[in-house]
Amino acid sequence: MRTDYIRSTKSRVNIQRILTFFILIILFFWSSRGADVQPTKLFEGLPRMADFFSRMVPPDTSVAKTVFKSMVETIQIALFGTFLSAIISFFAGILAAENITPRYINRPVKWLLAMLRGIPVILLALLFVSTVGLGPFPGVLAIALHSTGMLGKFYSEAMENAQIGPIEALESAGANFVQKIRFGILSQVAPDLARDTLFRFELNLRESLVLGLVGAGGIGFYILLYIRSFQYEKVATLTLVVLVAVVIIEQISISIRKSLR
């Protein structure tokens with residue numbers, strides 16, 4: 001009897017795997033058709049791609065001062081936007097955690113965070129540019145608001161995974177709400193929150209590069225400016241600086257995250 005049950009279970013599992021495999025194949029071809037994937041066009045366009053890169057050689061280092069200043073501004077946008085987002089997300093994460101707040105509170109907060117994640121950061125940047133004008137400030141606001149949607153989700157999930165034992169012990173000792181958060185939950189999930197924040201900073205740095213294309217400050221503004229004026233040698237210099245900065249910051253972030261394990 002047990003043998004028959006095991007065989008039927010294995011049979012169902014195999015059928016599910018086969019169905020999943022075929023569904024993935026169908027989705028692959030369906031999405032490739034809708035995305036108008038044509039590899040031949042890519043191969044035919046390789047000479048034009050080579051011509052584009054040839055115009056960027058050699059890089060024009062005369063814009064070094066502008067590059068440095070705009071890259072620092074980009075890092076500042078990403079850094080301050082992440083700071084703001086982390087502060088807002090901490091409180092939003094508490095409100096969205098199912099083991100902290102009742103359903104009528106955490107559900108609406110979760111929906112709000114989902115809506116923030118769904119708004120493209122470039123659209124937020126355009127909104128804030130039209131509100132406060134050009135410059136890095138709208139970039140900071142766009143980064144902070146968009147990041148809150150994701151960080152708030154990560155923070156709430158981390159808090160929901162906290163062990164219930166320390167929280168119950170604090171409740172039995174008469175701890176208030178703030179004490180339960182501080183000593184029962186935050187003490188457990190602080191490393192996770194720090195890792196999520198560092199990872200989000202890396203993403204924000206990349207996104208802040210794009211925000212300059214809509215006038216929200218940073219090095220992206222100069223990349224667009226030089227491309228429009230066909231000064232590809234200067235674009236090459238900016239691109240190289242961006243690549244070096246991103247790699248260095250990512251390695252620093254990885255080292256910090258490893259130390260938090």
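The values are calculated or read from the model by the stated rules, or taken from the named source; none is laboratory data. Note that this is a predicted model, so its numbers are computed, not measured. Here the Cβ is made from the backbone with ideal geometry for all residues, glycine too, and neighbour counts use every protein chain on show.
State whether the residues of segment 222-243 include one that is in contact with a Phe, Trp or Tyr (Cβ under 6 Å, 6 or more places away or on another chain) and of a type in the set (G, A, S). No, segment 222-243 contains no residue that is in contact with a Phe, Trp or Tyr (Cβ under 6 Å, 6 or more places away or on another chain) and of a type in the set (G, A, S). Does S54 satisfy being within 29 Å of G212 (Cα to Cα) and either under 31 Å from the mean Cα position of the chain (by Cα) or not acidic (D, E) (or both)? Against the criterion (within 29 Å of G212 (Cα to Cα) and either under 31 Å from the mean Cα position of the chain (by Cα) or not acidic (D, E) (or both)), S54 qualifies.
Restricting I25, I6 to residues that are at pLDDT 75 or above and either part of a helix (DSSP H, G or I) or surrounded by 10 or more Cβ atoms within 10 Å (Cβ to Cβ) (or both) narrows the list to I25.
Taking only pairs six or more apart or across chains, which ones have beta-carbon atoms under 6 Å, a first residue in segment 107-121 that is in contact (Cβ under 8 Å) with a residue 24 or more places away in the chain and closer than 16 Å to A96 by Cβ, and a second residue that is assigned to a helix (DSSP H, G or I) and among the charged types (D, E, K, R)? Within 6 Å, the pairs are L113/K153.
Given the residues S187, S253, which is the only one that is among the hydroxyl-bearing types (S, T, Y) and within 29 Å of P136 (Cβ to Cβ)? Talk me through it step by step, then tell me what you get.
Details: S187 fails: within 29 Å of P136 (Cβ to Cβ).
Every option except S253 fails the conditions.
Of all residues in segment 51-62, at least one satisfies being assigned to a helix (DSSP H, G or I), at pLDDT below 80 and of a type in the set (D, E, K, R).
Results for (1) surrounded by fewer than 15 Cβ atoms within 10 Å (Cβ to Cβ); (2) part of a helix (DSSP H, G or I); (3) under 16 Å from the mean Cα position of the chain (by Cα); (4) among the charged types (D, E, K, R), shown as yes or no for each residue.
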| site | (1), (2), (3), (4) |
| --- | --- |
| A78 | no, yes, yes, no |
| L84 | no, yes, yes, no |
| A92 | no, yes, no, no |
| P108 | yes, yes, no, no |
| I122 | no, yes, yes, no |
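Among residues of segment 77-94 being touching a residue at least 24 places away in the same chain (Cβ under 8 Å) and of a type in the set (A, V, I, L, M), the one that is nearest to G218 (Cα to Cα) is I77. Scanning segment 105-154 for residues that are modelled with pLDDT under 90 and either of a type in the set (F, W, Y) or touching a Cys at 6+ places or on another chain (Cβ under 8 Å) (or both) yields a count of 2. Of the helices (runs of 4 or more DSSP H) contained entirely in segment 133-217, those carrying at least 2 residues that are surrounded by 18 or more Cβ atoms within 10 Å (Cβ to Cβ) and more than 24 Å from the chain's Cα centre (by Cα) fall at 164-172. Remark: pairs (first residue in segment 218-245, crowded, with 17+ Cβ neighbours inside 10 Å; second residue in a helix (DSSP H, G or I) and acidic (D, E); Cβ separation under 7 Å; 6+ apart in sequence or on different chains) = G218/E73.
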